[in-house]
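Below you'll find the structure, written out as structure tokens, and then a few comments.
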Amino acid sequence: MDAAGSSEVTTSQSVVFPETSNTPSLPTNSISPSKSYKSVDYHWFYAIGTDDKTSWMPFSTTDSLALEDKFTSNATHQVISTDGGRYDVDIRQRQKIPIYWEGTVSEVRRCSWFFKNTGDRRYVPYDEISATKLEEEYKIACETNRWHKKVILANGDILQFHASDVLVLFSPASSPNPVRPRVVKRGIDGFDIQQGEPHQVDHLLFMVHGIGSVCDLKCRTVEEVVDEFRNIAFQLTQSHYKSACEQGVINRLEVLPISWHGKLHSKETGVDEQLKKITLESIPKLREFTNDTILDVLFYTSPLYCQTIISTVGLEMNRVYNLFKQRNPTFHGGVSLGGHSLGSLILFDLLANQHPEDTELPNKDTTAPDEKKPSRRISYLMESVVAGQHKISYPHLIFKPDTFFAVGSPIGMFVTVRGLNKLGENFSLPTCPAFFNIFHPFDPVAYRIEALVNPELANLKPVLIPHHKGRKRMHLELKETMAKVGADLKQKVFGSMKTTWDSFYQLAMFHRTGAEVTEEFENECETTLVEGDEQILEPEPVQEQTDIPLGRLNKGRRIDYVLQEGPLEFFNEYIFALTSHVCYWESEDTVLLILKEIYTSMNIQTDDKIPQQSMTIERPLST
């Protein structure tokens, strides 16, 4: 996407020379004619990362223009909402502040001049004082046509203007690598800057994380992985619903993180302090990982800490929902919930213990008898089974979710461990009519749900989630092709062997007819052929037509949905078992399934034809 407001004055990318008396001078014929001065267009950037490794990212064109308008207006109130309303930028303090969660406050700059070392991927903006000085000196040089002037910056860098488009940067003598090449740039021409998100939100999705303080192998927090999830959702909306977007029928899906790990491990609960006292000193990194992640599962089975987790999730969703409504008063869309790993179990227990409005009146119970038992035993903590055991109090959600998406979910296993081997066809979540259980085929934590609704569904393969490019993955198509070729080849070999076998037995076994021998051999070969196909060339699961009742949990629809494994994963499922459990945050197929369910409920369908070039998902560079 072209950056808006780029400078009309181009700058060179000149090699740095060290500041010495032997600095080479540029030949006269290399100097470009002077250009009339045109003011630079500013763009706003914000910092991400740590002090040791900081990167600067541009605000979207829409956000940057809004910031610039507010800055130049000298208005008393200098706060602007950015990033779809998820952040506020305090222009006076130059700070970017998250709205819906506690997070790092980022530095903000109004930028016009940049530099980077050779090999670096991103430009670094000069601080505003240095940039102002450079712009003033550049303006004087342009207007007077007097060049070859050196500008000394506060950090010791020396910038020399040889011409309007020939800028040479000299590193200070104290620099660790004074001869390292460096590029200087004026304006934002060439930057890849996004246009920005639509202001209007069609649907709100809360995502609850699983165990631990990080959500994937990149050690990203729930806020960071949800950022990528949201970014993928926005791009898929633009590509798969292009017509609806152009017509203004749909805008975007807002995805907000819900975190509970920090509350559980806070000083208020004292969990970490107690664990520190009893943890052995050996293998400290492994024990730290265990205390921070794996033990979260055990905490959830503890009545005391289960209450902390359940209350945190329920109250946090209510808080964020209220705040979102306050900041988006025109929002009238629905709300859905998504949970990863243990987060899905937390949501399942919370939703299973909600009460519709018509059952909240005292002395009134419209629950069917066959629904009471599963509802009571979804959480074995609901009723005291041991003297003195705490009873869990489930917060009441102030909204009714449209759909619950469980990804990489152990719900089926936990329900079974709690002693409930069947939910039943009449079981449903009281205030949530739809439920999707999404999993990767190699995910060691994920379990199916359908067999708990109806045991006969255990033999029905889960629904194969379509590839976001509208076809099966190439290696799966190749696998099916090879299966067909192999079957044809086996059939031809079998036919040839059958003829030979028939002739041999007619001569050698005169007391038995050839037909009898042929039938025996054919049965044996067919058995071997079928067994071999089932083991090696098992067909891919599809949404099979079935007369088996599917129950009320997902409005009479299928519940279990399986992703297609990737090309590399196809070769060894054990190697990719760990990565498969955290793949959902950046899975285009998962995101598209969620988008389709949400927009289908709004009677909006994807485009019939999708340009192939729109299938490339752009991901932000890591810091």
Task: Matching entry among VAL79, VAL108, VAL89, VAL124 (being more than 23 Å from PRO198 (Cα to Cα), β-branched (Val, Ile, Thr) and surrounded by 14 or more Cβ atoms within 10 Å (Cβ to Cβ)) - done: VAL124
Open item on the list: Take the residues in segment 258-295 that are touching a helix residue (DSSP H, G or I) at 6+ places or on another chain (Cβ under 9 Å) and aliphatic (A, V, I, L, M); name whichever of them is modelled with the highest pLDDT.
Closed with: ILE258
Open item on the list: For segment 413-466, give me each residue that is of a type in the set (Val, Ile, Thr), more than 29 Å from the chain's Cα centre (by Cα) and surrounded by fewer than 22 Cβ atoms within 10 Å (Cβ to Cβ).
Closed with: THR416, VAL417
Open item on the list: So, in segment 228-252, how many residues would count as being closer than 18 Å to TYR87 by Cα and free of Cβ contacts under 8 Å to residues at least 40 places away in the same chain?
Closed with: 2
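Please specify each residue of segment 95-137 satisfying the condition of being of a type outside the set (A, V, I, L, M, F, W, C) and under 30 Å from PHE206 (Cβ atoms).
As a first pass, look at segment 95-137 and keep what is of a type outside the set (A, V, I, L, M, F, W, C): 95-96, 98, 100, 102-104, 106-107, 109-110, 112, 116-123, 125-128, 130, 132-133, 135-137.
GLN95, LYS96, PRO98, TYR100, GLU102, GLY103, THR104, SER106, GLU107 - these are the residues of segment 95-137 that are of a type outside the set (A, V, I, L, M, F, W, C) and under 30 Å from PHE206 (Cβ atoms).
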Task: Residue under evaluation VAL225, criteria (1) part of a helix (DSSP H, G or I); (2) under 12 Å from the mean Cα position of the chain (by Cα); (3) surrounded by fewer than 21 Cβ atoms within 10 Å (Cβ to Cβ), criterion not met - done: (3)
Open item on the list: Can you tell me which residue is nearest to the chain's Cα centre (by Cα) among those in segment 97-127 that are in a loop (DSSP other than H, G, I, E, B) and charged (D, E, K, R)?
Closed with: GLU102
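So in segment 128-176, with the set limited to residues that are in a loop (DSSP other than H, G, I, E, B) and surrounded by 15 or more Cβ atoms within 10 Å (Cβ to Cβ), which one is modelled with the lowest pLDDT?
Applying the first criterion (in a loop (DSSP other than H, G, I, E, B)) to segment 128-176 yields 145-148, 153-157, 164-165, 171-176.
Checking the rest, the ones that are also surrounded by 15 or more Cβ atoms within 10 Å (Cβ to Cβ) come to 147, 153, 157, 164-165, 171, 175.
Working: TRP147: 79, LEU153: 84, ASP157: 77, SER164: 68, ASP165: 67, SER171: 61, SER175: 55.
Looking at residues that are in a loop (DSSP other than H, G, I, E, B) and surrounded by 15 or more Cβ atoms within 10 Å (Cβ to Cβ), I get SER175.
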TODO: May I ask you to say which residue of VAL320, VAL297, VAL313 is aliphatic (A, V, I, L, M), surrounded by fewer than 19 Cβ atoms within 10 Å (Cβ to Cβ), in contact with a Phe, Trp or Tyr (Cβ under 7 Å, 6 or more places away or on another chain) and not assigned by TED's automatic domain parsing to the domain that holds ASN603?
DONE: VAL320
Open item on the list: Anything in segment 268-327 that is closer than 24 Å to LEU350 by Cα and free of Cβ contacts under 8 Å to residues at least 40 places away in the same chain? List them, or say none.
Closed with: GLU268, THR269, VAL271, LEU295, LEU298, PHE299, THR301, SER302, ARG319, LYS325
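The values are calculated or read from the model by the stated rules, or taken from the named source; none is laboratory data. The structure presented is a predicted model; accordingly, all values stated were derived computationally and were not measured. Because the Cβ atoms are built from the backbone with ideal geometry, glycine has one as well, and the counts that use them run over all protein chains shown.
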